[in-house]
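Peer 1: Attaching a single structure in structure tokens format; questions to follow.
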Amino acid sequence: MTSDSSRYLSKMASAFTVKAASATRSLALQIDRLRANKARVFLCGNGGSAANANHWANDLIYGAAKGGRGGVRAHSLSANTSVLMCLANDTGYENIFSGQLEVLASPGDILVALSGSGNSPNILRSLEAGNLLGMETWAIVGFDGGKALELARYAIHFPVHDMQIAEDLQMVVCHILTKQLAGSPE
């Protein structure tokens with residue numbers, strides 16, 4: 001059991017590259033500028049990434065505020081099951097996030113699409129919609145990055161072929177951002 005844990009942690013640590021750390025810092029700076037302008041961060045994902053999107057919204061609203069500079073206007077597109085089911089039923093599952101963005105988002109807002117593979121149709125549609133709306137679009141992806149890596153204006157790519165590690169790294173990015181936005185020491 002211990003060797004399995006060691007291998008897991010080693011894979012996770014080696015996947016968080018200097019390039020990923022730099023991109024995380026860029027996202028933190030972009031969100032900080034957005035916070036000053038009262039713009040919003042929209043988050044989306046499927047499965048474990050949906051749970052992570054909800055967690056990110058919590059941390060950006062509350063955790064980032066702990067430094068006294070105020071929270072971030074964050075919204076998880078994965079959170080409202082009534083809206084998700086309505087859009088899935090009436091317009092198709094691939095539109096559950098883009099349909100919300102078309103109503104809620106404004107130019108200059110940020111979209112963070114969380115995905116293991118980067119190939120889910122609803123993630124790709126959200127990035128396309130975000131780009132058309134003039135949003136700053138980010139993909140945080142694992143594996144080979146999929147099509148999301150090409151569609152997003154910015155990306156944090158973890159080239160690890162393990163869904164659990166990819167999802168864990170999404171949360172590592174979230175927690176680093178939260179600490180940076182709150183002004184906490186690293």
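Peer 1: Where does each of Cys174, Cys86 land when they are ranked from fewest to most other beta-carbon atoms within 10 angstrom?
Peer 2: In increasing order of surrounding Cβ atoms, one gets Cys86, Cys174.
Peer 1: Follow-up. Scan the stretch 14-50 for trypsin sites (Lys or Arg not before Pro) in coil per DSSP, keeping those whose Cβ has at most 14 other Cβ atoms within 10 Å, and list them by number.
Peer 2: Passing sites in the stretch 14-50 are Lys38.
Peer 1: OK, next. Go ahead and run the numbers for FRET between Ala36 and Ser5, Cβ-Cβ distance against an R0 of 35 Å, rounding to 0.05. Don't jump to the answer; show the numbers that get you there.
Peer 2: Numbers: r = 42 Å, r/R0 = 1.19.
The pair Ala36/Ser5 has a calculated efficiency of 0.25.
Peer 1: Report the Cα centroid-to-centroid distance between the stretch 36-110 and the stretch 113-186 in angstrom, as an integer.
Peer 2: Taking the Cα centre of the stretch 113-186 as reference, the centre of the stretch 36-110 is 13 Å away.
Peer 1: Considering Cα pairs under 8 angstrom that are at least six residues apart, work out the relative contact order of the chain and quote it in whole percent. Please list the in-between numbers first.
Peer 2: Details: 348 pairs, mean separation 43.9, N = 186.
Worked out over the chain, it gives 24 percent.
Peer 1: Then there's this: Which residues among the stretch 61-77 fall inside the zone where the amide N is under 18 Å from a point 7 Å beyond the Cα of Arg153, along Cα→Cβ?
Peer 2: Only 73-75 pass the distance filter.
Peer 1: Which of the chymotrypsin sites (Phe, Trp or Tyr not before Pro) found in the stretch 26-69 are in a DSSP loop and have at most 16 neighbouring Cβ atoms, other than their own, within 10 Å?
Peer 2: The qualifying sites are Tyr62.
Peer 1: So how much slack lies between Arg25 and Glu128, counting 0.36 nm per residue of separation and subtracting their Cα-Cα distance, in nm?
Peer 2: Net length gain for the segment: 34.7 nm.
Peer 1: For a bin width of 10 Å, list the pair-distance distribution of the stretch 1-134 built from all Cα-Cα distances, rounded to whole %.
Peer 2: Over the stretch 1-134, the share of Cα pairs per 10 Å bin runs 12, 37, 33, 16, 3 percent.
Peer 1: Taking 0.36 nm per intervening residue step and subtracting the Cα-Cα distance, what contour gain separates Ser106 from Val83 on full extension?
Peer 2: Length gained between Ser106 and Val83: 6.4 nm.
Every read-out reported here was derived from the displayed coordinates using simple, explicitly stated rules and does not represent laboratory data. Computed from a predicted model, the values in this text were never measured in an experiment. No Cβ is skipped: glycine too gets one built from the backbone with ideal geometry, and neighbour counts run over all protein chains shown.
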